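One structure is given below, encoded as structure tokens.
None of the figures in this text is laboratory data; all of them are computed from the coordinates on show. Remember, predicted model here, so these are calculated numbers, not experimental data. Note that we place each Cβ from the backbone using ideal geometry, even for glycine, and neighbour counts take in every protein chain shown.
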Amino acid sequence: MKFTVNKSGFLRVLAVAQEVINNKSPISILSNILIQAEKNKLILKCTNSTVSASTFIS
């Protein structure tokens, strides 16, 4: 699958996701961001087991 994304828009939603994740967590899945490509949008999801975030760019 190929997709094109606006760099500044992607960095904006990535910054939101990075506020939630804990990259020092002993549970590795909590240090990652799930990126899903759907029709005409990119969805980023993350959690730190207390707070979850989901954001997208279209």
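Residues being among the β-branched types (Val, Ile, Thr) and not in a strand (DSSP E or B): count how many of those fall in segment 22-46. Before you say what the answer is, go through the steps one by one.
First, pick out the residues of segment 22-46 that are among the β-branched types (Val, Ile, Thr): 27, 29, 33, 35, 43.
Narrowing the set further to residues that are not in a strand (DSSP E or B) leaves 27, 29, 33.
Residues flagged as among the β-branched types (Val, Ile, Thr) and not in a strand (DSSP E or B) within segment 22-46 amount to 3.
Residue by residue through segment 4-21, note down the ones that are out of contact with any Ser or Thr (no Cβ under 7 Å at 6 or more places or on another chain), outside any helix (DSSP H, G or I) and touching a residue at least 24 places away in the same chain (Cβ under 8 Å).
Val5, Asn6
Give the residues of segment 7-23 that are out of contact with any helix residue (DSSP H, G or I) (no Cβ under 9 Å at 6 or more places or on another chain) and more than 15 Å from Ile43 (Cβ to Cβ), sorted by residue number.
Residues of segment 7-23 out of contact with any helix residue (DSSP H, G or I) (no Cβ under 9 Å at 6 or more places or on another chain): 7-20.
Selection gives Lys7, Ser8, Leu11, Ala15, Gln18, Glu19.
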